[in-house]
């Protein structure tokens with residue numbers, strides 16, 4: 001078994017997010033409320049500076065925080081997996097997942113969050129913006145990494161124990177995964193790095209990498225529900241290369257190249273004897 005770790009998204013869509021009956025309450029909602037009480041004290045201009053956002057976004061999020069937890073909040077809350085609408089979630093297409101796949105996601109997918117710490121897919125959230133890298137003090141914590149570190153560690157260990165997992169597949173950005181104390185968790189970490197070819201070189205192109213994390217890896221693993229994170233052969237149309245970057249006892253990172261295999265073989269004919277090949281197949285939904 002494995003536990004997937006995903007980032008949240010700044011883009012939200014609470015108007016079109018469907019209502020779900022089997023929703024859950026965020027585990028750290030009380031800690032989120034502590035942060036909100038602190039943020040509510042900020043003026044619009046202070047919120048703008050803190051989050052490095054525009055005047056319009058500062059006003060929008062000021063109103064969100066002032067209304068957070070109010071008597072209308074139950075009407076505006078939506079399940080996290082449907083409310084987030086960034087590139088990762090557009091690739092995931094959660095609205096088309098089956099009920100069985102959503103149930104599997106609920107126990108096998110954790111969403112890191114600057115406000116909520118760690119979310120399950122069907123946890124109800126309110127509209128917010130708070131990136132994990134935001135420089136905000138909370139009590140004795142100098143930043144959100146310090147504030148969430150212990151809570152996230154304990155919850156991840158609990159979640160992994162519940163599904164008998166020794167492996168985390170990290171699909172979050174570096175900004176968010178820094179909140180996970182990897183050395184203290186002492187589990188095997190697999191961190192895919194998706195690259196595409198540009199000007200003759202393989203580079204991380206943010207838009208395609210995010211779509212690949214959601215549409216390729218997350219959706220694929222939620223639908224296939226394999227016990228082995230490397231046993232992912234199969235259903236997508238274009239294969240991807242996996243190049244191990246470094247392998248340790250507990251941690252593995254690899255590059256996934258978003259191009260046809262024969263192109264890379266021409267550039268590097270020694271590939272087969274140097275790197276390990278895993279047969280992913282890449283869908284049009286995550287291609288250019």
Sorted by average packing, counted as other Cβ atoms within 10 angstrom per residue and highest first, what order do 130-139, 49-58 take? 130-139, 49-58
Can you tell me how much longer the chain between residue 67 and residue 43 gets when fully stretched, taken as 0.36 nm per residue apart minus their C-alpha distance, in nm with one decimal? 7.2 nm
What is the order of 211, 10, fewest Cβ neighbours within 10 Å to most? 10, 211
First measure r as the distance between the Cβ atoms of residue 204 and residue 154, then evaluate 1/(1 + (r/R0)^6) with R0 = 35 Å and state the FRET efficiency to the nearest 0.05. 0.65
Please compute the length gained on full extension between residue 29 and residue 103, using 0.36 nm multiplied by the number of residues separating them and subtracting their Cα-Cα distance. 24.5 nm
Peptides 76-83, 93-100 ordered by average Cβ neighbours within 10 Å, highest first: 76-83, 93-100
Added length on full extension, which subtracts the Cα-Cα distance from 0.36 nm per residue, residue 93 to residue 178: 28.0 nm
Residue 14-residue 137 FRET efficiency (beta carbon distance; Förster radius 25 Å; 0.05 resolution): 0.30
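Ranked by Cβ crowding within 10 angstrom, fewest neighbours first, how are 14, 177 ordered?
Ranked by crowding around the Cβ, least crowded first: 14, 177.
Quick check on packing: order 113-120, 154-161 by the mean number of other C-beta atoms within 10 Å, highest mean leading.
113-120, 154-161
Here, each number is a calculation from the coordinates, and none is a lab measurement. Remember, it's a predicted structure, so these values are computed and weren't measured experimentally. Glycine gets a Cβ as well: all are built from the backbone with ideal geometry, and neighbour counts include every protein chain shown.
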